[in-house]
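A.B. asks: There's a structure below that I have some questions on.
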Amino acid sequence: MLTREQKTDAVAELKDKFGRATSVFVADYRGLSVEEVRELRGQLRSESESEFEYRVAKNSLLSLAVEGHEAEVLKEHFTGPTAVALSYGDPVGLAKILVKYAEDHEVFEIKGGVLDGKSLDKGDVRHLATLPNLLELRGKLVGLLQAPAVKLARLLNEPGGQLARLVAARKDALGE
């Protein structure tokens, strides 16, 4: 049992984490073994380089910690065994990991989440997981930025190539 001071410290720590998080997802982990939870935490660590965090906390502490934050809309989900997954960077990456994990482990249920102050239900979280993550978007953006330069280089190179082909054809014609 936590002392009053420990509870106050835990609430302050959670408030800080909720304040820094770009997105928060709430899940029911009832029925998962310790090894399965360890597996999920390992996936989050390996994928994110400390951008993602998975915490299990008492509902009363979570309720106190979200007061005054945009994550306050999550209070309705703080029933039963509750775990929160926080993203300090790319929210899509965390959603992808959680949805994939929920598909592989039927007892793990995503209750909802919050992204930029907007409440997300289970369906919204699943839809978010279908979007490209930050790395994929950066790759597409680089491709879009490079395409005009590549086309310009080809366009500028074409007259010289045409002249070279014309000279080679004339040489072949004179050589016969």
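A.B. asks: 7 Å from Cα along Cα→Cβ at both Gln43 and Leu145: what's the point-to-point distance in nm?
C.D. replies: 3.2
A.B. asks: Calculate the tail of P(r) for region 101-176: the fraction of all Cα-Cα distances greater than 21 Å, expressed in %. Please report the intermediate quantities before stating the final value.
C.D. replies: Details: 1807 of 2850 pairs.
Result: 63 percent of Cα pairs exceed 21 Å.
A.B. asks: Just need the relative contact order of region 4-131 here, percent rounded to a whole number, with Cα pairs under 8 Å and 6+ apart.
C.D. replies: Values: 204 pairs, mean separation 45.3, N = 128.
That works out to 35 percent.
A.B. asks: Please sort 68-80, 3-15 by packing, taking for each peptide the average over its residues of neighbouring beta carbons within 10 angstrom, highest first.
C.D. replies: Result, highest mean first: 68-80, 3-15.
A.B. asks: Please list, or write none, the lysines whose alpha carbon is within less than 24 Å of the alpha carbon of Lys7, excluding same-chain residues fewer than 8 places away.
C.D. replies: Lys15, Lys17, Lys58, Lys75
A.B. asks: Further question on the same structure: What is the spin-label model distance, in nm, from Gln6 to Ala173 if the labels are put 7 Å beyond Cα along the C-beta direction?
C.D. replies: 9.4
A.B. asks: Between Arg20 and Glu35, what length in nm is gained on full extension when 0.36 nm per residue of separation is reduced by their alpha carbon distance?
C.D. replies: 2.6 nm
A.B. asks: A further question follows. Based on the alpha-carbon gyration tensor of region 132-176, what equivalent-ellipsoid semi-axes (square roots of 5 times the eigenvalues) come out, in whole Å, largest first?
C.D. replies: 42, 9, 4
A.B. asks: Turning to a different aspect of this structure: Based on the Cα atoms of region 1-89, what semi-axes does the equivalent ellipsoid have, where each is the square root of 5 times one gyration tensor eigenvalue, given in whole Å with the largest first?
C.D. replies: On the way: eigenvalues 83, 53, 33 Å².
Each semi-axis is the square root of five times an eigenvalue, giving 20, 16, 13 Å.
A.B. asks: Determine the distance separating the Cα centre of region 36-73 from the Cα centre of region 95-142; give it in Å without decimals.
C.D. replies: 14
A.B. asks: Whole percent per 5 Å bin, from 0 to the bin with the longest distance: what is P(r) over all C-alpha pairs of region 31-135?
C.D. replies: Spelled out per bin, shortest first, that is 2, 12, 23, 26, 22, 12, 2, 0.
A.B. asks: Let me know the shape class of the chain, please: from the alpha-carbon gyration tensor, a ≥ b ≥ c as square roots of the eigenvalues, rounded when a/c is under 1.5, otherwise prolate if a/b is greater than b/c, or oblate.
C.D. replies: Judged from the Cα gyration tensor, the chain comes out prolate (a/c at least 1.5, a/b above b/c).
Where a number appears in this text, it was derived from the coordinates with a stated rule and is not lab data. Computed from a predicted structure; not experimentally measured. Cβ coordinates were reconstructed from backbone atoms using ideal geometry, including for glycine residues, and neighbour counts include every protein chain displayed.
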